[in-house]
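Peer 1: Mind having a look at this structure? Questions to follow.
Every read-out reported here was derived from the displayed coordinates using simple, explicitly stated rules and does not represent laboratory data. Bear in mind the structure is a predicted one, so any value in this text is a computation, not a measurement. So basically every Cβ, Gly included, is an ideal-geometry build from the backbone, and we count neighbours across all protein chains shown.
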Amino acid sequence: MTTTTTFTQSLAAAWQKNNSLLCVGLDPEPTKFPIHLQGRPDAIFEFCKSIVDSTADLVCCFKPQIAYFAAHRAEDQLEALIAHIHGRHPGIPVILDAKRGDIGSTAEQYAIEAFERFQADAITASPYMGRDSVTPYLAYPDKGVILLCRTSNPGGSDLQFLDVGGGEKLFERVAKLVASEWNTTGQCALVVGATFPAEIARVRSIVGDLPLLVPGIGAQGGDIQATVEAGKTAGGTGLMISSSRAILYAGKDEGFAAASRQVALATRDAINRYR
Ligand SMILES: O=C(O)c1cc(=O)[nH]c(=O)n1[C@@H]1O[C@H](COP(=O)(O)O)[C@@H](O)[C@H]1O
C-alpha cells in the first residue's frame, strides 16, 4: 500500500526540517528583473527558479501567485517552476495563490487546473460562495485549501468586519465555520493578514491549531513580532508567514538571488526570535 503525504503533513515536516515559518511568495514582475534577464522568453521561470534555489532551505513553503504568470502568458513557466520545486526541493509544499471561488461545476475545473495541471499542493480560495464551492478542492484528499478570512488589505474591513449578528464579525464566522464544519478532513487553512495582529489573535483563539497563511510582512509593513506572537500555536508553529516583493527584489544585478537569500534568512530568523 502506498501512503501519500498530505499538504498538512508536508507543511509540518518543512516547519521542522527548515526551522522556518517563512513562505516566499513568487510574484514575478518582469520590469523589476535584473537587466541580464530582461527580454529572455524564459525570464519569469529563470528569475523564480533562482529565487527558489537560493531560499529553499529557509522556507516552509512557496506561494506562486497565478496572475503574475497568466498576465504574461507564462502559465507554461509556472508549470515548469512547480515541477522544478517538486523535483529539486522535495518536501517543500507549493501553494497556488489563485483565490478561486465559483459554483461547484466550475470549481471542479479550477481544482483540475491547480492540482492536476500545475501540481500544486494547496490553493487559496474565497469562502463566500459557501461550502459547495469548496467541495471540489476537498475531493483531492492530499491537497490543502486555504480560505480567505481576514485579508491584509485596508478594504478587507469593508465586508469582513460586518456584524453578522450578536457582535460576531464576518471574518470570525468564516473562521468558526471553516474550523468546525468545513475542515472535516484536516485539509483547510485560513488567510489572515499580518497587517492586523489583533485579528490574527482572534482567529487563532477560534480555530485551535489550524494553519494560518499570513501575508503582509515586508512590502505591506506588517510587524513580525506582533504577527508571530498573535498567531503561533502552543508548539511554536501554525503559521506560513509570507513575503514576496521584499525578498524577490532585494537585489538588482546578477547577484539578485544572493541578496534575496540574505533577506529571507534575516526574515526567517526575525520570525524565529518570537516563536
Ligand atoms: O492570499 C494571499 O496570499 C494574500 C492574501 C492577503 O490577504 N493579502 C495578500 O497580500 N495576499 C498575497 O500575498 C502577496 C503579498 O505580496 P507582498 O506584499 O509583496 O509580500 C501577494 O501575492 C498577494 O496577492
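Peer 1: Give me 129, 240 ranked fewest to most by other Cβ atoms within 10 Å of their Cβ, as a rough exposure proxy.
Peer 2: If I rank by nearby Cβ atoms, fewest first, I get 129, 240.
Peer 1: Of the residues 130, 231, 221, which exhibits the maximal mean-square fluctuation in a Gaussian network model of the chain defined by a 10 Å Cα contact cut-off?
Peer 2: With Cα springs under 10 Å in the chain, the top fluctuation among 130, 231, 221 is at 221.
Peer 1: In whole Hz, what ³J(HN,Hα) sequence does the stretch 198-209 give by Karplus (6.51, -1.76, 1.60; θ = phi - 60°), x for Gly and Pro?
Peer 2: So the Karplus estimates, Gly and Pro as x, are 5, 6, 4, 4, 5, 5, 4, 5, 8, 9, x, 8 Hz.
Peer 1: While we're looking at this one, here's another question. Exceeding 30 Å between C-alpha atoms, which entries from my cross-link table qualify? They are 32/169; 63/252; 99/169; 49/99; 32/143.
Peer 2: Where the Cα-Cα span goes over 30 Å, the pairs concerned are 32/169; 32/143.
Peer 1: Students often forget the sequence filter, so: which aspartates and glutamates lie under 14 Å Cα-Cα from residue 17 once same-chain residues fewer than 8 apart are removed?
Peer 2: 57
Peer 1: Sort 232, 17, 99 so the one with the fewest other Cβ atoms within 10 Å of its own Cβ comes first.
Peer 2: The fewest-first ordering by Cβ neighbours comes to 17, 99, 232.
Peer 1: Please give the net charge around residue 109, taking every other residue with its beta carbon less than 12 angstrom from that of residue 109, where Lys and Arg add +1 and Asp and Glu add -1.
Peer 2: My count for the surroundings of residue 109 gives -2.
Peer 1: Here is a further query. What share of Cα pairs, in percent, lie more than 24 angstrom apart in the stretch 7-272?
Peer 2: Here the long-distance tail beyond 24 Å is 45 percent of all Cα pairs in the stretch 7-272.
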